[in-house]
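The structure under discussion appears below in the form of structure tokens.
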Amino acid sequence: MKKLTLFLMGLALCMQAFAIMPGDDGDRLLGVWEPSNGRARVKVEKIGSKYYGKIVWLKEPNDPKSGLPKTDMNNPDANLRNVPLKGYRMLKDFVYQENNQWSEGTIYDPLNGSTYSCTIKMTDPNTLDIRGYIGVSAFGRTDVWKRLAVKK
Amino acid sequence: MNLRKITFGALWGLLMLLMNGCQPEAKTHTGTMECAFEWSGPLYEGSNTAQALIKVDLASLLGNPVQEGMKITKVQLKSAELSVDSASDLNGIGSLVLSIASDDPSLTIKELAVLNPVTSSSGQAILKPSSEAEVSDFFAQKAFYLIVDAGLSADRDQNLRLTGKFQWEIQYR
């Protein structure tokens, strides 16, 4: 009985911490996040009313062949292939819905130049489920991203 | 049967020709827009973002009052120039990227121009515009955002202010 009471108190505290995060509800997405492969870090910012994530750190920032900082070599627009990968917005145009979910956005894979539809779900204040898909959400892949400066 | 098909095709073609002929001739105009981008220091090494809200003023861009029924059919960035008051202010900026975004959920952010690396001693940076980005949908809104990402090679204590001068090629009927 004592264990159950402690568990319920802990659960209530967690729920309260989740509920009192400051600012616009959607703004809880702001911050720096790391994908599960640990090869990049992505800072989520707000432009107007939408959310965007740009690469702020790369494990391998330079092109192994040229030794120069990596650029968006796979961009279909040849004039934009010189855009630096560090600073590139790989998460674009996310709109906050409800219940810790952001949608209407896309995720860009700089490795192959492909863009996928994407939804974001915050499962706890420091964890995101990022689901990329083509066409229907059911046929996609989910990656777990962790917040870098952990919120307590 | 064949004759009927041919007659129908000919009539359809004639109708298309008539409809096309009734449309006003497309005109092209180059309009210039200026705006400022400001970053408050301290700024950190890497990409730093500044955004400017642009209220769409077609009459000013076209240099004419907007006629009723006028339709913007195509808008492309033709040139993008970012300048600073003092040439030394460009020191430490490794790259500049210009993008356009909107609050409208149906419009996605687009990169419009880039300069990487920034090499300028005159205090002016001329960005290379995208050859493909078509942004007439943004100009159909009341407002949109122009965004500049300045890639800094080192931390910087001072504020940064850039003045943007953009030329748009606007096609309309």
### Sole residue being touching a Pro at 6+ places or on another chain (Cβ under 8 Å), crowded, with 18+ Cβ neighbours inside 10 Å and more than 12 Å from every other protein chain (Cβ to nearest Cβ), chosen from A:I120, A:I130
A:I130
## Note on the structure
Checked segment B:127-146 for anything in contact (Cβ under 8 Å) with a residue 40 or more places away in the chain and surrounded by 15 or more Cβ atoms within 10 Å (Cβ to Cβ); matches are B:L127, B:P129, B:S130, B:A133, B:V135, B:S136, B:F138, B:F139, B:A140, B:F144, B:Y145, B:L146
### Query
Among the residues of segment A:54-100 satisfying the criterion of being more than 16 Å from the chain's Cα centre (by Cα) and among the β-branched types (V, I, T), which is surrounded by the most Cβ atoms within 10 Å (Cβ to Cβ)?
A:V83
### Criterion: touching a strand residue (DSSP E or B) at 6+ places or on another chain (Cβ under 9 Å), more than 12 Å from chain B (Cβ to nearest Cβ) and acidic (D, E) - qualifying residue of A:D77, A:D72, A:D63
A:D63
## Note on the structure
Scanning segment A:80-94 residue by residue, those of a type outside the set (F, W, Y) and more than 8 Å from chain B (Cβ to nearest Cβ) turn out to be A:R81, A:L85, A:M90, A:L91
### Selected residue (only one of A:Y88, A:Y108 is among the hydroxyl-bearing types (S, T, Y) and modelled with pLDDT under 95)
A:Y108
### Task
Tally the residues that are under 28 Å from B:R173 (Cβ atoms), more than 10 Å from chain A (Cβ to nearest Cβ) and not in a strand (DSSP E or B), restricting the search to segment B:89-146.
9
### Filtered residues of segment B:7-57 (kept if surrounded by 10 or more Cβ atoms within 10 Å (Cβ to Cβ), modelled with pLDDT under 90 and outside any loop (DSSP other than H, G, I, E, B))
B:T7, B:F8, B:G9, B:A10, B:L11, B:W12, B:G13, B:L14, B:L15, B:M16, B:L17, B:K27
#### Entry: segment B:58-88, residues that are away from chain A (no Cβ under 14 Å) and part of a strand (DSSP E or B)
B:I72, B:T73, B:K74, B:V75, B:E81, B:L82, B:S83
### Task
For B:E169, work out the one condition from (1) touching a helix residue (DSSP H, G or I) at 6+ places or on another chain (Cβ under 7 Å); (2) in a strand (DSSP E or B) it doesn't fulfil.
(1)
### Message
Let me confirm something: among B:S102, B:S60, B:S79, which residue is under 30 Å from A:S103 (Cβ atoms), under 16 Å from the mean Cα position of the chain (by Cα), modelled with pLDDT of 85 or more and not aliphatic (A, V, I, L, M)?
### Response
B:S102
### Task
Mind listing just one residue for me: the one in segment A:39-49 that is facing chain B (nearest Cβ under 8 Å) and more than 13 Å from the chain's Cα centre (by Cα) and, of those, surrounded by the fewest Cβ atoms within 10 Å (Cβ to Cβ)?
A:S49
### Task
Give the number of residues within segment A:68-94 that are among the basic types (K, R) and out of contact with any Leu (no Cβ under 7 Å at 6 or more places or on another chain).
3
### Residues being touching a Leu at 6+ places or on another chain (Cβ under 8 Å) and within 9 Å of chain B (Cβ to nearest Cβ) - total across segment A:95-108
2
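The values are calculated or read from the model by the stated rules, or taken from the named source; none is laboratory data. In this text, all values refer to a predicted model and were calculated from it rather than measured experimentally. Cβ atoms come from the backbone with ideal geometry, glycine included; neighbour counts cover every protein chain shown.
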